[in-house]
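These notes concern the structure reproduced below.
The values are calculated or read from the model by the stated rules, or taken from the named source; none is laboratory data. All figures in this text were calculated on a predicted structure; none of them were measured in a lab. For neighbour counting, all protein chains shown are included, and Cβ atoms are generated from backbone atoms with ideal geometry for every residue, glycine included. In case anyone asks, the SASA skips ligands and DNA or RNA and just uses the protein heavy atoms, side chains included. Shrake-Rupley method; radii C 1.70, N 1.55, O 1.52, S 1.80 Å.
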Amino acid sequence: MSAVDPIIEINNDKGAAAASLLDVTNDGSGSKSIYFFWADWHAPSSPKGAFDSVFSTLAQQQRESGGSNIKFYRVLAEEAPKLSMKHNVTAVPTFLFCNSDGSVIARIDGGEDVALVTQFYSKLVNASSTALPSPSQQQPQQSNEQTPPQQSLEQRLQSLITSSLIMLFMKGTPSSPRCGFSRQAVEMLTSSNVSFGTFDILQDEEVRQGLKTYSDWPTYPQLYVRGELVGGLDIMKEMVEEEGGLVSQLELEDYVLQRDGGLSKSPTDEGATTNRNDNAQEALKTRLETLINRHRVMLFMKGIPSAPRCGFSRQ
C-alpha cells in the first residue's frame, strides 16, 4: 500500500500469503476489514466501474478523515484462488465486511445494487469491536456508551435513506422478497422501469425498529424518494392507479431506464417537447425553476446517485 493509496491490492495468492490472509486463524489485520473480490472482465467491479468507484471513495474518505481503522483489500479473484476458496467466493463482485476478529458481519455476492456497499460499510463502522476491553477500561466504557448509539443510529438511517434516489426498505431482497407486500412493492417499481436501491430490514433489527420511530411509519415496506418518505404499499398502489402511475406522481420522468440501462425522459415528456409554442416554453421555464428550488442544494447530473452515468457526475 502506497502513501497515497489506502487500498491494499491483492493480485495473487502470493500477495495474499504475504499479507497473512491465507492463515486459518489469522485474517492478517487484527482490525476491521473489507474484502472486495473483482475480475477484469466484469465492468462494474473493474477499475473505474461503479463498485470499484464506491469502494475507492469509501477508502479515501476514511484516510482523509482519520476515522475508523478499517483495512480495505481489493482482491483479483481469479488470480488468488486460495483466498477466494477460503471465503467461498463464487461470483464477482463479492464484498466481505469483517469485524476485528475476522468474523463476517455482512457480505454481498454478485448483484447490481451498489447502494448495499455503503449500507454495509456503515454497519461495519457502527459495529462493536469484538476485542474485549481490559478490566480497568471496561466500566468507564459501559457508562460512556449510553448516549452515542442513539445519535449514530439516526445518522445511519439518514445515510441509508439517501444512499439511493429511490430507496425501498423491505423484507428480503428484490430477487427473494420475504413477504407479499414487499414483493408487490418491488414489482411496482420494476414495472415502472426505474432504478432503485433496497435494504433488507430482516438483516438488521436496529434499523428495522429505529426506522419505524424515525419515519413515524409502523409497517414495511417503506418507500423513500429524494430522501423523503412516500409511504407504504397502500400509497404506492394509489399512485399506480393515478394518471401516469408512480413515475408521474413522484416526478421520476427523467429517471426512466431505457432497455440499454440508460436514463431517458418518459413518452409524456417527449410529446411535450414537440409543442414549441410560447406556452410550452413558459411551462419548461416554470418546471426548471421548480426543479432548481426543490432542495436547498440541488445537483443536476447524468444518472442517479447510486448509478452515475459519467465520471464527472460520480465525482
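For H87, which of the numbered conditions (1) under 30 Å from S175 (Cβ atoms); (2) in contact with a Gly (Cβ under 9 Å, 6 or more places away or on another chain) fails to hold?
So H87 meets the others, but not (2).
Which members of region 106-118 meet the condition of being open to solvent by 70 Å² or more (accessible area, probe 1.4 Å) and either closer than 15 Å to L21 by Cβ or part of a loop (DSSP other than H, G, I, E, B) (or both)? Full working, then the answer.
Step one: list which residues in region 106-118 are open to solvent by 70 Å² or more (accessible area, probe 1.4 Å), which gives 107, 109, 112.
Once the filter is applied, which keeps residues that are open to solvent by 70 Å² or more (accessible area, probe 1.4 Å) and either closer than 15 Å to L21 by Cβ or part of a loop (DSSP other than H, G, I, E, B) (or both), region 106-118 yields only E112.
Test S84 against the criterion of being at pLDDT 85 or above and either buried (at least 18 other Cβ atoms within 10 Å of the Cβ) or part of a helix (DSSP H, G or I) (or both), and give yes or no.
Working: at pLDDT 85 or above: yes; either buried (at least 18 other Cβ atoms within 10 Å of the Cβ) or part of a helix (DSSP H, G or I) (or both): yes.
Yes; evaluated as a whole, the condition is true for this residue.
Test each condition in (1) in contact with a Phe, Trp or Tyr (Cβ under 9 Å, 6 or more places away or on another chain); (2) surrounded by fewer than 16 Cβ atoms within 10 Å (Cβ to Cβ) for D216 and report the one that comes out false.
(1)
Among the candidates T162, T147, single out the residue that is within 26 Å of G227 (Cα to Cα), of a type outside the set (A, V, I, L, M, F, W, C) and at pLDDT 85 or above.
T162
Quick check on my filter: what residues within region 40-76 are among the small types (G, A, S), touching a residue at least 60 places away in the same chain (Cβ under 8 Å) and either open to solvent by 20 Å² or more (accessible area, probe 1.4 Å) or farther than 21 Å from A115 by Cβ (or both)?
Of all residues in region 40-76, those among the small types (G, A, S) come to 43, 45-46, 49-50, 53, 56, 59, 65-68.
Checking which are touching a residue at least 60 places away in the same chain (Cβ under 8 Å) leaves us with 50, 53.
Result: A50, single match.
Of S128, S103, S134, which residue is at pLDDT 75 or above, hydroxyl-bearing (S, T, Y), open to solvent by less than 70 Å² (accessible area, probe 1.4 Å) and out of contact with any strand residue (DSSP E or B) (no Cβ under 8 Å at 6 or more places or on another chain)?
Values: S128 fails: open to solvent by less than 70 Å² (accessible area, probe 1.4 Å); S134 fails: at pLDDT 75 or above.
Exactly one of S128, S103, S134 is at pLDDT 75 or above, hydroxyl-bearing (S, T, Y), open to solvent by less than 70 Å² (accessible area, probe 1.4 Å) and out of contact with any strand residue (DSSP E or B) (no Cβ under 8 Å at 6 or more places or on another chain), namely S103.
Being assigned to a helix (DSSP H, G or I), at pLDDT below 85 and out of contact with any helix residue (DSSP H, G or I) (no Cβ under 7 Å at 6 or more places or on another chain): is that true of E64 here? Lay out the reasoning, then the answer.
Details: assigned to a helix (DSSP H, G or I): yes; at pLDDT below 85: yes; out of contact with any helix residue (DSSP H, G or I) (no Cβ under 7 Å at 6 or more places or on another chain): yes.
Taking the combined requirement at face value, the residue satisfies it.
Considering only region 168-184, how many residues are surrounded by 18 or more Cβ atoms within 10 Å (Cβ to Cβ), of a type in the set (S, T, Y) and more than 17 Å from L246 (Cα to Cα)?
Residues flagged as surrounded by 18 or more Cβ atoms within 10 Å (Cβ to Cβ), of a type in the set (S, T, Y) and more than 17 Å from L246 (Cα to Cα) within region 168-184 amount to 1.
Among the numbered conditions (1) free of Cβ contacts under 8 Å to residues at least 60 places away in the same chain; (2) open to solvent by 20 Å² or more (accessible area, probe 1.4 Å); (3) not hydrophobic (A, V, I, L, M, F, W, C), tell me where E79 comes up short.
Answer for E79: the failing condition is (1).
The rows are residues; the columns are (1) open to solvent by 60 Å² or more (accessible area, probe 1.4 Å); (2) within 24 Å of T118 (Cα to Cα); (3) modelled with pLDDT of 70 or more.
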site	(1), (2), (3)
Q222	no, yes, yes
G231	no, yes, yes
D269	no, no, no
T274	yes, no, no
N279	yes, no, no
P305	yes, yes, no
C310	no, yes, no
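Quick check on my filter: what residues within region 87-96 are more than 21 Å from the chain's Cα centre (by Cα) and either surrounded by fewer than 16 Cβ atoms within 10 Å (Cβ to Cβ) or farther than 23 Å from D13 by Cβ (or both)?
N88, T90, listed by residue number.
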